[in-house]
1. Please compute the contact order of region 66-115 in relative form: average sequence separation of alpha-carbon pairs under 8 Å and at least six residues apart, divided by the residue count, as a percent.
2. In nanometres, what is the gap between the two model label sites at Cys46 and Val414, each 7 Å from Cα along Cα-to-Cβ?
3. In terms of Cα to Cα distance under 16 Å, which lysines are near enough to Lys449, apart from those fewer than 8 places away along the same chain?
4. Using the Cα centre of region 88-140 as the reference point, and only Cβ charges (+1 on K/R, -1 on D/E), how large is the resulting charge dipole? Debye, rounded to the nearest 20.
5. Stretch Arg154-Ser53 to full length: gain in nm at 0.36 nm per residue minus the Cα-Cα span?
6. For Lys380, give me every one of the lysines with a C-alpha distance below 16 angstrom, ignoring sequence neighbours fewer than eight places off in its own chain.
7. What ranking do Asp60, Asp197, Asp77 get, fewest neighbouring Cβ atoms within 10 angstrom at the top?
8. Could you list Leu385, Leu394 in order of exposure, starting from the residue whose Cβ has the fewest other Cβ atoms within 10 Å?
Amino acid sequence: MTERMIVIGGDAAGMSAASQARRRRDRAELDIVAFERGHFTSYSACGIPYWISGLVPERDQLVARTPAAFREDYDIDVRTRHEVTAIDLGRREVLARDLDGGGEVRAGFDTLVYATGATPVQPDWVRDEVAGVFGVQTLDDGAAVLAWLEREPRPRHAVVVGGGYVGVEMAEALVQRGLSVQLVEQADQPMATVDPDMGELVAEAMRGIGISIRTGMTVTGLTERDGRIAAVVTDEGPIPADIVVLGLGVRPNTALAEAAGLPIGPSGGIRVDRRMRVPGAAGVWAAGDCVETLHRVSGMPVHIPLGTHANKQGRVAGINIGGGYATFPGVVGTAVTKVCELEVGRTGLRERDATEAGFEFVTVTAESTNRAGYYPGARKMTVKLIAERPSGRLLGAQIVGWSEAAKRIDSLAVALWNGMTVDEMTALDLGYAPPYAPVWDPVLIAARKAVDALAV
Ligand SMILES: Cc1cc2nc3c(=O)[nH]c(=O)nc-3n(C[C@H](O)[C@H](O)[C@H](O)COP(=O)(O)OP(=O)(O)OC[C@H]3O[C@@H](n4cnc5c(N)ncnc54)[C@H](O)[C@@H]3O)c2cc1C
């Protein structure tokens with residue numbers, strides 16, 4: 001008998017699961033229906049800032065596979081503009097609203113993949129009736145921002161509220177489009193995913209491209225003119241704005257799951273086991289930005305919404321649904337971004353996380369260069385390491401610098417994943433040639449410095 005798999009959410013996690021399941025089970029065995037409330041499937045939300053800046057000229061360049069391609073090449077019945085509004089685990093069916101055609105569809109399932117992603121945090125001062133305030137999460141959100149930027153009169157003053165990596169990337173994109181940009185951040189530093197000392201280096205680079213950073217400031221409201229945003233109101237007075245972008249982070253989109261009684265973990269994401277099954281709900285799987293996962297260093301459940309995890313988790317779910325065996329072993333929290341040419345990489349625990357997790361640790365910061373000092377283009381690179389005391393085990397790392405900085409974090413992520421000590425790291429056989437590194441790579445210099453700090 002043909003089984004039915006229903007996917008809620010047609011992006012990274014959902015469509016990875018659907019494609020992997022299809023590779024292992026054909027249409028006669030498994031009927032796959034994917035509901036997506038937006039217009040697109042398998043798009044790169046990560047590419048939105050580069051589309052808005054103009055670096056990536058065409059929207060469709062961000063779409064890896066269209067609904068039509070899923071239908072033709074994978075025999076997956078993709079229903080875009082269909083929003084699932086309820087899950088009935090008892091009857092094993094979902095209810096979906098057709099957002100364009102009107103009406104509702106009921107669809108039964110044997111297997112359900114919950115992959116609804118995350119939603120941007122919306123402060124309570126955001127009002128639907130005031131146009132020009134945007135959260136950026138889906139390609140449809142990106143299209144809405146772009147349409148607003150292109151309407152007349154053209155917006156000239158942007159306020160980005162919140163300095164997470166999406167806020168930072170969007171601030172840069174808006175500067176590149178010629179807007180004057182102010183970034184308002186409640187904390188002392190933007191880019192809270194790194195420690196404040198490293199965040200200050202990012203802030204300097206942002207100021208260097210003309211972004212005005214207002215730290216220690218809270219947005220409390222907005223003012224409007226004819227239904228359009230006119231200013232944000234802060235605890236230090238109003239800031240004029242004709243476009244506002246929210247960069248306050250995201251929350252796992254679990255509303256439907258909670259209503260259906262699926263278990264939610266302490267981080268706010270849906271609980272899953274290593275194979276991406278939802279415990280206590282037979283035949284129900286979840287993956288991507290809506291789930292929580294294990295942090296391999298702290299041992300804590302965390303919600304780290306990144307595309308790299310969503311794709312892997314969806315793949316794991318799909319392989320298992322298809323009859324194979326796969327597990328998702330957790331994360332170490334590796335992420336990279338940039339502000340113009342300044343690159344930022346981080347992995348593992350920040351000082352604050354290490355303290356919260358109860359570790360004793362030392363911290364070192366080493367300044368070096370990305371290339372041999374004499375080689376043209378050599379520029380400063382700052383590497384920060386956090387190592388457990390007295391074991392010397394690496395707990396976290398951050399890098400800020402010019403070219404070749406961000407992806408250098410990967411060697412530190414591998415060290416972290418494998419539980420290496422900073423002493424072991426000093427002997428790592430990392431590549432060296434003058435155009436790529438000094439003879440002592442910045443990572444090795446930092447590891448040596450950490451060994452010295454542990455000896456004190
Ligand atoms: C601007 C930006 C930049 C980013 N940059 C990076 C980066 O550089 N590196 C990185 O690793 N990650 C990055 N990310 C994060 C990455 O895009 C996400 O982690 C990834 O898209 C998560 O995939 P997902 O499938 O879990 O969720 P999503 O991509 O959010 O997809 C969920 C889908 O579910 C649909 N949906 C939700 N509810 C329903 C419903 N009830 N019915 C039907 N459909 C529904 C939504 O419309 C959406 O299309 C970035 C994100 C943004 C917004």
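1. Numbers: 59 pairs, mean separation 11.5, N = 50.
RCO, region 66-115: 23 percent.
2. A separation of 1.8 nm, rounded to one decimal place.
3. Of all the lysines, those that pass the test against Lys449 - Cα under 16 Å, at least 8 places apart if same chain - are Lys384.
4. Details: 5 positive and 10 negative charges, 37 e Å.
With only Lys, Arg, Asp and Glu charged at Cβ, the dipole is about 180 debye.
5. Extra length available between Arg154 and Ser53 comes to 34.9 nm.
6. Correct list for Lys380: Lys338, Lys407.
7. Ascending number of Cβ neighbours within 10 Å: Asp60, Asp197, Asp77.
8. Result, fewest neighbours first: Leu385, Leu394.
Each value in this text was obtained by applying a stated rule to the coordinates, not by laboratory testing. Predicted, not measured: the structure shown is a model, and the values here were computed from it. Cβ: placed from backbone, ideal geometry, glycine included. Neighbour counts: every protein chain shown.
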